[in-house]
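*Asks:* My questions all concern the structure below.
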Number of protein chains: 2
Amino acid sequence: MNESIGLIGLGSLGMPLAENILAAGYPLTVYNRTPDKAKPLADKGATIASSPAEVAQGSRFVITLLSDDVALKAVTLQDEFAQQVGAGGIHISMSTIAPQTARQLADHHAGFGAGYVAAPVFGRPAALAAKQAWVCVSGEAKARELVKPILSDIVAQGIYDFGDDPSAANVVKLAGNFMIGAAMEAMAEAMTVAEKNGVSRQALIDMFAATIFAGPIYRNYGSMIARQVYDENVGFRLPLGLKDMNLVLQMAGEVNAPMPLAQLVQGRLVSAMAKGRENWDWTGLAYGAGEDAGTTN
Amino acid sequence: MNESIGLIGLGSLGMPLAENILAAGYPLTVYNRTPDKAKPLADKGATIASSPAEVAQGSRFVITLLSDDVALKAVTLQDEFAQQVGAGGIHISMSTIAPQTARQLADHHAGFGAGYVAAPVFGRPAALAAKQAWVCVSGEAKARELVKPILSDIVAQGIYDFGDDPSAANVVKLAGNFMIGAAMEAMAEAMTVAEKNGVSRQALIDMFAATIFAGPIYRNYGSMIARQVYDENVGFRLPLGLKDMNLVLQMAGEVNAPMPLAQLVQGRLVSAMAKGRENWDWTGLAYGAGEDAGTTN
């Protein structure tokens, strides 16, 4: 019989994850700050809890998928929560957070015998729904080994194991989001100079995404950047992208690693916020290069 | 019977190209400023010319593959050369040059009835030898259509057509080299911050190159950057990489398109030159992020 799973956080990634957990046949208990979101899941057999601790009480594995460190700590850096996860239980932490937060949570939970596994995820909502996401995991070895097959069942087309340090997977996740933002800025500058030379933005990315830059990042984000439409099919809102780049710079600052390219990408996001683009996809950071070159309206 | 081909420039890309032309059964005439390089080709049936004009005289298609605009113009922005290419002949220009140079050459050749097709190539020497390079072409339509099948025969696994403007393919080539340099800097900063957090550089790129950044750029350059070895298997020397980034900035300046990321990449290359690294592969621009973070010796 399948282990019981709890899920805290029913945002754009949490909802498809919840659907997958139910479809995979796991008993599921959910909690969301706005309970309305949970109702469709209750119709499909999920139990709605009235608090995070209640989720933990009823579940062997408690997954959290929240928008930032503040929210995650408010929910899980709590003695009652860790107590309810308790000995034998495992907190699977899938949010994109600071490595320091992961270390803090793992240490806190250990005091209650509760396990902590970092499992941040790469994938936009559609990829998670299709169980085509990529997940990096790290944390205590036994807990990690228990968590990996569950992740394969509910969300991952592949899992990459970064060992015992609970913060390692979050380092990787932030590094990856940084590299995605960097690719967006590169595409933006490349397409802008091409456009000003009479070469089609789409023709440029069509070639690169089929050849030297084959892969989902250049193909999918490249199309958005070529068309310069950033307020449709918003998969990851701009303020969240800025939050992540700030986490990257915070992480880099903590270890004295200058990251001028991360500073540049973060600056594009700050400027987009200044211009009221908080409802855009974060790919909209790419609009800055065109604005600088006078090619936008 | 195969059309006669001429080749001017027997550098790291020209030599494998010459081998391929001979292997494909084309009559080949070659010229190189240092004639010694041509001797092995003569043994395989190539004719060695004593001047570029002599190459043009004996060939329907004249390929040039030289290291910079200065060399190319010295050879081909010459009335005698264009005369010998003449009506019906086509200059296939495969060097990485400024778009402005391409326009200048096309205009000059047109005065002599000679065709000009831009055909810059993406690929390191091994890829060219294996006929796995990618080529972008542009230029007058009839000449372009004659050139494409030849390129497929001798070097290209795929050809991307950018239309009538003789400079368009060079815009694409420079944009692509810029995006490669940008990816190198992104990998450098990502791996450096990961390393300082105890996460292996190789483990990081192993995941990304297999998932979100699948493709030759991140896989191949990523391995070099992970190992931080830049003076072995040098496929494209650092001064040539700097030359290309300078061409990118020149192109951007001509159309008033600010490219802060290109400035950053160029700065890394300039710094590498200042430190005597002219014999490194241009991927060595990635060493800068580690030096800034104090992780290198």
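The values are calculated or read from the model by the stated rules, or taken from the named source; none is laboratory data. In this text, all values refer to a predicted model and were calculated from it rather than measured experimentally. Because the Cβ atoms are built from the backbone with ideal geometry, glycine has one as well, and the counts that use them run over all protein chains shown. In case anyone asks, the SASA skips ligands and DNA or RNA and just uses the protein heavy atoms, side chains included. Shrake-Rupley method; radii C 1.70, N 1.55, O 1.52, S 1.80 Å.
*Asks:* Of the residues A:Ile154, A:Ile97, A:Ile159, which is in contact (Cβ under 8 Å) with a residue 40 or more places away in the chain and within 19 Å of A:Ala24 (Cα to Cα)? Let's see the steps before the verdict.
*Replies:* Working: A:Ile97 fails: within 19 Å of A:Ala24 (Cα to Cα); A:Ile159 fails: in contact (Cβ under 8 Å) with a residue 40 or more places away in the chain.
A:Ile154 is the lone residue from the list that is in contact (Cβ under 8 Å) with a residue 40 or more places away in the chain and within 19 Å of A:Ala24 (Cα to Cα).
*Asks:* Checking B:Leu240 against (1) closer than 19 Å to A:Ile212 by Cβ; (2) facing chain A (nearest Cβ under 7 Å); (3) open to solvent by 10 Å² or more (accessible area, probe 1.4 Å); (4) outside any loop (DSSP other than H, G, I, E, B), only one condition comes out false. Which one?
*Replies:* Among (1) closer than 19 Å to A:Ile212 by Cβ; (2) facing chain A (nearest Cβ under 7 Å); (3) open to solvent by 10 Å² or more (accessible area, probe 1.4 Å); (4) outside any loop (DSSP other than H, G, I, E, B), the lone unmet condition for B:Leu240 is (2).
*Asks:* Could you run through the stretch A:206-224 and say how many residues are open to solvent by 40 Å² or more (accessible area, probe 1.4 Å) and within 14 Å of chain B (Cβ to nearest Cβ)? Walk me through how you get there before you give the answer.
*Replies:* Kept after step one, since they are open to solvent by 40 Å² or more (accessible area, probe 1.4 Å), are these residues of the stretch A:206-224: A:206, A:210, A:216, A:219-220, A:223.
Checking the rest, the ones that are also within 14 Å of chain B (Cβ to nearest Cβ) come to A:206, A:210, A:216, A:219-220.
So the answer is 5.
*Asks:* Evaluate the stretch A:235-251: report whether one residue or more is at pLDDT below 95 and of a type in the set (Val, Ile, Thr).
*Replies:* Scanning the stretch A:235-251 turns up no residue that is at pLDDT below 95 and of a type in the set (Val, Ile, Thr).
*Asks:* Counting only residues that are surrounded by 22 or more Cβ atoms within 10 Å (Cβ to Cβ) and touching a strand residue (DSSP E or B) at 6+ places or on another chain (Cβ under 8 Å), how many does the stretch A:155-176 have?
*Replies:* 11
*Asks:* Can you find a residue in the stretch A:115-129 that is out of contact with any Leu (no Cβ under 7 Å at 6 or more places or on another chain), open to solvent by 60 Å² or more (accessible area, probe 1.4 Å) and more than 9 Å from chain B (Cβ to nearest Cβ)?
*Replies:* Yes: one or more hits.
*Asks:* Of everything in the stretch A:259-280, what is surrounded by fewer than 18 Cβ atoms within 10 Å (Cβ to Cβ), assigned to a loop (DSSP other than H, G, I, E, B) and not acidic (Asp, Glu)? Give them in sequence order.
*Replies:* The answer is A:Lys275, A:Gly276, A:Asn279.
*Asks:* I'm checking my understanding of the structure. Among residues of the stretch B:225-237 that are more than 14 Å from chain A (Cβ to nearest Cβ) and open to solvent by 30 Å² or more (accessible area, probe 1.4 Å), which one is nearest to the chain's Cα centre (by Cα)?
*Replies:* B:Arg237
*Asks:* Quickly run through the stretch A:14-41 and pick out the residues that are open to solvent by less than 40 Å² (accessible area, probe 1.4 Å) and in contact with a strand residue (DSSP E or B) (Cβ under 8 Å, 6 or more places away or on another chain). First the steps, then the outcome.
*Replies:* Kept after step one, since they are open to solvent by less than 40 Å² (accessible area, probe 1.4 Å), are these residues of the stretch A:14-41: A:14, A:16-18, A:20-22, A:24, A:26, A:28-30, A:32, A:38, A:41.
Once the filter is applied, which keeps residues that are open to solvent by less than 40 Å² (accessible area, probe 1.4 Å) and in contact with a strand residue (DSSP E or B) (Cβ under 8 Å, 6 or more places away or on another chain), the stretch A:14-41 yields A:Gly14, A:Leu17, A:Ala18, A:Ile21, A:Leu22, A:Tyr26, A:Leu28, A:Thr29, A:Val30, A:Asn32, A:Ala38, A:Leu41.
*Asks:* Just to verify a result, which residue in the stretch B:189-203, among those that are within 7 Å of another protein chain (Cβ to nearest Cβ) and among the aliphatic types (A, V, I, L, M), is surrounded by the fewest Cβ atoms within 10 Å (Cβ to Cβ)? Before you say what the answer is, go through the steps one by one.
*Replies:* Here is the first cut: in the stretch B:189-203, the ones within 7 Å of another protein chain (Cβ to nearest Cβ) are B:189-190, B:192-194, B:196-199, B:203.
So of that shortlist, the ones also among the aliphatic types (A, V, I, L, M) come out as B:190, B:193-194, B:199, B:203.
Working: B:Ala190: 33, B:Val193: 31, B:Ala194: 26, B:Val199: 26, B:Ala203: 19.
My answer is B:Ala203.
*Asks:* Just the residues that are at negative phi and part of a loop (DSSP other than H, G, I, E, B), please, taken from the stretch A:205-237.
*Replies:* Filtering the stretch A:205-237 down to residues at negative phi leaves A:205-214, A:216-227, A:229-232, A:234-237.
Residues satisfying the conditions are A:Thr211, A:Ile212, A:Phe213, A:Ala214, A:Val229, A:Tyr230, A:Asp231, A:Glu232, A:Val234, A:Gly235, A:Phe236.
*Asks:* Going through the stretch B:100-134 one residue at a time, which ones are among the hydrophobic types (A, V, I, L, M, F, W, C) and in a helix (DSSP H, G or I)?
*Replies:* In the first step, residues of the stretch B:100-134 are kept if they are among the hydrophobic types (A, V, I, L, M, F, W, C); the result is B:102, B:105-106, B:110, B:112, B:114, B:117-119, B:121-122, B:126-130, B:133-134.
Matches in the stretch B:100-134: B:Ala102, B:Leu105, B:Ala106, B:Ala110, B:Ala126, B:Ala127, B:Leu128, B:Ala129.
*Asks:* Please identify the pairs in which a residue from the stretch B:245-258 that is on the phi > 0 side of the Ramachandran plot has its Cβ atom under 9 Å from the Cβ atom of a residue that is of a type outside the set (Gly, Ala, Ser), counting only partners at least 6 apart or on another chain.
*Replies:* Here the result reads B:Asn256/A:Lys196, each pair linking the stretch B:245-258 to a residue that is of a type outside the set (Gly, Ala, Ser).
*Asks:* For A:Val199, indicate whether it is at pLDDT 95 or above, β-branched (Val, Ile, Thr) and under 21 Å from the mean Cα position of the chain (by Cα).
*Replies:* On the way: at pLDDT 95 or above: yes; β-branched (Val, Ile, Thr): yes; under 21 Å from the mean Cα position of the chain (by Cα): no.
For A:Val199, the condition - at pLDDT 95 or above, β-branched (Val, Ile, Thr) and under 21 Å from the mean Cα position of the chain (by Cα) - is not met.
*Asks:* Still on this structure, please answer the following. Among the candidates B:Ala175, B:Ala186, single out the residue that is facing another protein chain (nearest Cβ under 7 Å), without any contact (Cβ under 8 Å) to a residue 24 or more places away in the chain and part of a helix (DSSP H, G or I).
*Replies:* Numbers: B:Ala175 fails: without any contact (Cβ under 8 Å) to a residue 24 or more places away in the chain.
B:Ala186 is the lone residue from the list that is facing another protein chain (nearest Cβ under 7 Å), without any contact (Cβ under 8 Å) to a residue 24 or more places away in the chain and part of a helix (DSSP H, G or I).
*Asks:* Also, I was wondering about something else. Say we look at the stretch B:281-297 and pick out the residues that are open to solvent by less than 50 Å² (accessible area, probe 1.4 Å) and in a loop (DSSP other than H, G, I, E, B); which of these is modelled with the lowest pLDDT?
*Replies:* Applying the first criterion (open to solvent by less than 50 Å² (accessible area, probe 1.4 Å)) to the stretch B:281-297 yields B:281-290, B:293, B:295-296.
Among the residues that remain, those that are also in a loop (DSSP other than H, G, I, E, B) are: B:293, B:295-296.
Numbers: B:Ala293: 98, B:Thr295: 95, B:Thr296: 90.
Across the stretch B:281-297, the extreme among qualifying residues is B:Thr296.
*Asks:* For B:Ile63, work out the one condition from (1) assigned to a strand (DSSP E or B); (2) in contact with a Lys or Arg (Cβ under 7 Å, 6 or more places away or on another chain) it doesn't fulfil.
*Replies:* Among (1) assigned to a strand (DSSP E or B); (2) in contact with a Lys or Arg (Cβ under 7 Å, 6 or more places away or on another chain), the lone unmet condition for B:Ile63 is (2).
*Asks:* Something else: For the stretch A:130-141, give me the residue count where each residue is touching a residue at least 24 places away in the same chain (Cβ under 8 Å) and open to solvent by 10 Å² or more (accessible area, probe 1.4 Å). Before the answer, list the steps.
*Replies:* Our first condition is that a residue be touching a residue at least 24 places away in the same chain (Cβ under 8 Å); within the stretch A:130-141, this holds for A:131-140.
Cutting the leftovers down to open to solvent by 10 Å² or more (accessible area, probe 1.4 Å) gives us A:131-132, A:134, A:140.
So the answer is 4.
*Asks:* Which numbered condition in (1) assigned to a loop (DSSP other than H, G, I, E, B); (2) touching a residue at least 60 places away in the same chain (Cβ under 8 Å) is the only one that A:Gly88 fails?
*Replies:* Only one criterion in (1) assigned to a loop (DSSP other than H, G, I, E, B); (2) touching a residue at least 60 places away in the same chain (Cβ under 8 Å) is unmet by A:Gly88, namely (2).
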